[in-house]
Amino acid sequence: MFRKSPIIRWRSYGDRYKLHGHKCTKCGTTYFEKKGMCICGNLEFSEMDFSGEGKIISFTQIHSGPESFSEMAPYCVGIIELKEGAKITAQIVDCKYEDLKIGTEVEAVFRKFYKSGEKGIIHYGTKFIPKL
Amino acid sequence: MAGIVSWGAYIPKYRITVEEIAKVQHANPNSIKNGLGLVEKSVPGKDEDTATISVSAARNALLRTNINRKEIGAIYVGSESHPYAVKPTVSIVGEALDIGNNYTALDTQFACKAGSGTIQINAGLVDSKMIKYGLSIGADTSQAEPGNALEYSASAGGAAFLMGPNEEAVATLDATLSFTSDTPDFWRRALQSYPAHAGRFTGEPAYFKHVVGATKNILEKTNTKISDFKYVVFHMPNGKFPLRVAKIFGVTKEQIEPGLIVKKIGNTYSGSSILGLTCVLDIAKPGDKILVTSYGSGSGSDAFIFTATEKIIAAQKAKVKTTEDYVKRKEYLTYPEYEAHMEQIH
C-alpha cells in the first residue's frame, strides 16, 4: 500500500536528501538518525553533514520486495558504514549482486525511491553505488 | 560579463547499442550507424530521472569550487522530461543541494536548448547584480517511441554550470545571442508519452537554419573568425548534423571532435550541447576560446563564446568526475532490459 499523504516522507527530506546526521558532543560518535541518548550516556548532539563515502559491512539481494520497490527488483540492500562512523541501511544500485563484497567502497547518490502510484508524489533520497 | 565559475557533468551508467535496437526494428545496424554517426546511447537507471541527473551534475559542479552555496541566488533546470507536469524539478534539486531557501527557481522547456538558455538567464542576473551565483542545468531522460528512428539516439544525461562574477570565472562568457523562429519540426503535446517529428523537415529549415544563423550572427557581432576558436560545439541530435555545420564554417576535426560526445552516448537532448561544453572545459587551457551553439526544436539556437582563464587549471585538478569518467563507465543492456528501464521514465 502506498501512503496517500506525502507529509511523512517530507519530514525526512533533510536526512534522506542530504545525509544530515548527528554527532555526540561528548564522545564524537555519529548517528544518521537522531538518538535520545548516545552510547556514552550523553544527551546532547550537534548536527553534521556526512561526506557520503563509506563501505559495505553487510548486504543482500531482494527479489520480492514491497510494492513500492517492486519496479527495482531484484535490487541490493546493504548496511553502509559511513567514513564518519555512522551506519545507514540503503539500496546499493548500478551494480550486480555478484560484484559486491563486504568492504566494497561506496558513495552516496541521489535517486528515486518510489512513486506513490500513478498519481502520487515521486519520492527521492540517498542510495549508494560502488565508488567510481 | 558573467562567466562559468564551475561545471559538472553526469551520464547514467547504462548503454544500449545500435545493433541491439536494430534487431528489434528489423533494420540494418550498419546503415543506421552510418546514417546517424553513433554506435550506442546512454540509458537512465530505473531510479534515475531529470531531477536525479540534475542533482548529480550540479553536485559535481559544486564539488569543484568552495563557494558558500547559500550565496546561490538562482537555479534553473531545463528539460523536456521533467518528472512532473505540475511541480517543479528545480525545487527538488535545490533541496538536495542544500542551498537553503533564498533563491529564485524555475523549470524551463525549449526542446534541446532548455539548458543552454538557462546560462543566458543566469548571466543576465549576475551581470545585473541581482544574484552573486546562479546554477544553470540542462538534463533529460529523452523519450522515443519504440520503433521510431529516435529510439537509436534519444539518451540520458545532463550538465550543470555555476555562473558567477567574471573575476571568479574558469571561463568568461564573452558574448551570447539567440536565433529563434516558429518552426514545427519536433513536438510533444500535453499528456502524450512520446514526441513526434516532421522527418526530413527537422534538417534544413529547422536545425541547420537556426544553428547556422546563430553561429553566423555571433561571429559577425564579435568580429571573430572560426579559426580564432580552439574548440567548437554544435548541438548534437546525431553525429552527422554537427559535422555538416562544421563543414559550412570550415571547422576542423581538431576543433569539433573533443566536444562530439554524441557518438559515445547519443543525444541527451537538453544535456547535449552543454555536455559537449563540459567535455571541452575538462581539457581546455587558459586562453582557449570556445564556441558553442545549441539547438532546440520549435525552434531556436543559443550561441556562446567563452574564453578559458587561468582558474580552469585548478578546477580541472579538483577531485571531481569528468565527463570522460562517465563515458567510460558503462554496462550494456539487452532490448528487454532497456524496455524495463524506459518504462520507469514515464
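What residue, of B:Asn102, B:Asn122, is more than 13 Å from chain A (Cβ to nearest Cβ) and not in a helix (DSSP H, G or I)? Can you show your working first?
Working: B:Asn122 fails: not in a helix (DSSP H, G or I).
Matching residue, one of B:Asn102, B:Asn122: B:Asn102.
Kindly state which helices (runs of 4 or more DSSP H) lie completely within region B:228-346 and contain at least 1 residues that are away from every other protein chain (no Cβ under 14 Å). Break it down into steps so the answer makes sense when it comes.
Numbers: elements: B:241-249, B:253-256, B:262-265, B:272-281, B:311-317, B:323-328, B:335-343.
Hits in region B:228-346: B:241-249, B:253-256, B:262-265, B:272-281, B:311-317, B:335-343.
Looking only at region B:120-139, which residues are under 22 Å from B:Lys70 (Cβ atoms) and among the aliphatic types (A, V, I, L, M)?
Taking region B:120-139 first, the residues under 22 Å from B:Lys70 (Cβ atoms) are B:121-137.
Selection gives B:Ile121, B:Ala123, B:Leu125, B:Val126, B:Met130, B:Ile131, B:Leu135, B:Ile137.
Among the residues of region B:179-203, which ones are of a type outside the set (Ser, Thr, Tyr) and surrounded by 13 or more Cβ atoms within 10 Å (Cβ to Cβ)?
Taking region B:179-203 and keeping what is of a type outside the set (Ser, Thr, Tyr), we get B:179, B:182, B:184-192, B:195-201, B:203.
If the condition is that a residue be of a type outside the set (Ser, Thr, Tyr) and surrounded by 13 or more Cβ atoms within 10 Å (Cβ to Cβ), then B:Phe179, B:Pro184, B:Asp185, B:Phe186, B:Trp187, B:Arg188, B:Pro195, B:Ala196, B:His197, B:Ala198, B:Phe201, B:Gly203 are the ones that fit.
For region B:131-156, what are the residues that are of a type in the set (A, V, I, L, M) and either modelled with pLDDT of 95 or more or more than 18 Å from the chain's Cα centre (by Cα) (or both)?
Taking region B:131-156 and keeping what is of a type in the set (A, V, I, L, M), we get B:131, B:135, B:137, B:139, B:144, B:149-150, B:154, B:156.
Of everything in region B:131-156, those that are of a type in the set (A, V, I, L, M) and either modelled with pLDDT of 95 or more or more than 18 Å from the chain's Cα centre (by Cα) (or both) turn out to be B:Ile131, B:Leu135, B:Ile137, B:Ala139, B:Ala149, B:Ala154, B:Ala156.
Against the condition free of Cβ contacts under 8 Å to residues at least 40 places away in the same chain and either among the acidic types (Asp, Glu) or not assigned by TED's automatic domain parsing to the domain that holds B:Ala51 (or both), how does B:Asp302 come out, does it pass? Give the steps one after another, and end with the answer.
Values: free of Cβ contacts under 8 Å to residues at least 40 places away in the same chain: no; either among the acidic types (Asp, Glu) or not assigned by TED's automatic domain parsing to the domain that holds B:Ala51 (or both): yes.
It is false that B:Asp302 is free of Cβ contacts under 8 Å to residues at least 40 places away in the same chain and either among the acidic types (Asp, Glu) or not assigned by TED's automatic domain parsing to the domain that holds B:Ala51 (or both).
Can you pull out every residue in region A:65-112 that is part of a strand (DSSP E or B), away from every other protein chain (no Cβ under 11 Å), in contact (Cβ under 8 Å) with a residue 40 or more places away in the chain and within 14 Å of the chain's Cα centre (by Cα)? Can you show your working first?
From region A:65-112, those part of a strand (DSSP E or B) are A:75-82, A:87-92, A:105-112; that's our starting set.
Going one step further and asking which of them are away from every other protein chain (no Cβ under 11 Å), we end up with A:76-82, A:87-90, A:92, A:105-106.
Then keep just the ones that are in contact (Cβ under 8 Å) with a residue 40 or more places away in the chain; that gives A:78, A:80, A:82, A:87-88, A:105-106.
Hits for region A:65-112 are A:Gly78, A:Ile80, A:Leu82, A:Lys87, A:Ile88, A:Val106.
With away from every other protein chain (no Cβ under 14 Å) and either buried (at least 19 other Cβ atoms within 10 Å of the Cβ) or touching a residue at least 24 places away in the same chain (Cβ under 8 Å) (or both) as the only criterion, which of B:Ile11, B:Ile21 stands out? Full working, then the answer.
Values: B:Ile11 fails: away from every other protein chain (no Cβ under 14 Å).
From the options B:Ile11, B:Ile21, the qualifying one is B:Ile21.
Find the residue count for region B:83-98, including only residues that are among the aromatic types (Phe, Trp, Tyr) and in contact with a helix residue (DSSP H, G or I) (Cβ under 7 Å, 6 or more places away or on another chain). First the steps, then the outcome.
First pass over region B:83-98, keeping only residues among the aromatic types (Phe, Trp, Tyr): B:84.
Keeping just the survivors that are in contact with a helix residue (DSSP H, G or I) (Cβ under 7 Å, 6 or more places away or on another chain) gives none.
Number of matching residues: 0.
Which is in a helix (DSSP H, G or I) and acidic (Asp, Glu), of B:Glu204, B:Glu145? Full working, then the answer.
Working: B:Glu145 fails: in a helix (DSSP H, G or I).
Result of the check over B:Glu204, B:Glu145: B:Glu204.
Among the residues of region B:48-67, which ones are out of contact with any Ser or Thr (no Cβ under 8 Å at 6 or more places or on another chain), more than 7 Å from chain A (Cβ to nearest Cβ) and either surrounded by 24 or more Cβ atoms within 10 Å (Cβ to Cβ) or modelled with pLDDT under 95 (or both)?
B:Ala57, B:Ala58, B:Asn60, B:Asn66, listed by residue number.
With the requirement that a residue be buried (at least 24 other Cβ atoms within 10 Å of the Cβ) and out of contact with any strand residue (DSSP E or B) (no Cβ under 8 Å at 6 or more places or on another chain), what does region B:120-150 give you?
Going through region B:120-150, the residues buried (at least 24 other Cβ atoms within 10 Å of the Cβ) turn out to be B:122, B:126, B:133-142.
Matches in region B:120-150: none.
Filter region B:140-183 for residues that are farther than 16 Å from B:Ile4 by Cβ and among the aromatic types (Phe, Trp, Tyr) and give the result. Spell out how you get there, then give the answer.
Initially, region B:140-183 is screened for residues farther than 16 Å from B:Ile4 by Cβ, giving B:140-157, B:177-183.
Listed by number, the residues that qualify are B:Tyr152, B:Phe179.
Could you run through region B:303-330 and say how many residues are surrounded by 16 or more Cβ atoms within 10 Å (Cβ to Cβ) and closer than 20 Å to B:Gly164 by Cα?
12
What number goes with the only condition from (1) more than 14 Å from chain A (Cβ to nearest Cβ); (2) in a strand (DSSP E or B); (3) hydrophobic (A, V, I, L, M, F, W, C); (4) within 17 Å of B:Ser270 (Cβ to Cβ) that B:Phe179 does not pass?
It is condition (4) that B:Phe179 fails.
What about B:Pro44, is it over 17 Å from B:Val93 (Cα atoms), within 14 Å of chain A (Cβ to nearest Cβ) and in contact with a strand residue (DSSP E or B) (Cβ under 9 Å, 6 or more places away or on another chain)?
Numbers: over 17 Å from B:Val93 (Cα atoms): yes; within 14 Å of chain A (Cβ to nearest Cβ): yes; in contact with a strand residue (DSSP E or B) (Cβ under 9 Å, 6 or more places away or on another chain): yes.
The answer is yes for B:Pro44.
Could you check region A:113-122 and list, in sequence order, the residues that are more than 10 Å from chain B (Cβ to nearest Cβ) and either crowded, with 16+ Cβ neighbours inside 10 Å or touching an Asp or Glu at 6+ places or on another chain (Cβ under 6 Å) (or both)?
Of everything in region A:113-122, just one residue is more than 10 Å from chain B (Cβ to nearest Cβ) and either crowded, with 16+ Cβ neighbours inside 10 Å or touching an Asp or Glu at 6+ places or on another chain (Cβ under 6 Å) (or both), namely A:Ser116.
For region A:23-60, which positions are outside any loop (DSSP other than H, G, I, E, B), of a type outside the set (Phe, Trp, Tyr) and modelled with pLDDT of 95 or more? Steps first, answer last, please.
Going through region A:23-60, the residues outside any loop (DSSP other than H, G, I, E, B) turn out to be A:23-24, A:30-31, A:45-49, A:53-60.
If we keep only those that are of a type outside the set (Phe, Trp, Tyr) as well, we get A:23-24, A:30, A:46-49, A:53-58, A:60.
A:Lys23, A:Cys24, A:Thr30, A:Ser46, A:Glu53, A:Gly54, A:Lys55, A:Ile56, A:Ile57, A:Ser58, A:Thr60 - these are the residues of region A:23-60 that are outside any loop (DSSP other than H, G, I, E, B), of a type outside the set (Phe, Trp, Tyr) and modelled with pLDDT of 95 or more.
The values are calculated or read from the model by the stated rules, or taken from the named source; none is laboratory data. It should be emphasised that the depicted structure is a prediction, and the values quoted were computed from it without experimental measurement. When we count neighbours, we look across all protein chains shown, and the Cβ atoms used for this are built from the backbone with ideal geometry, even at glycine.
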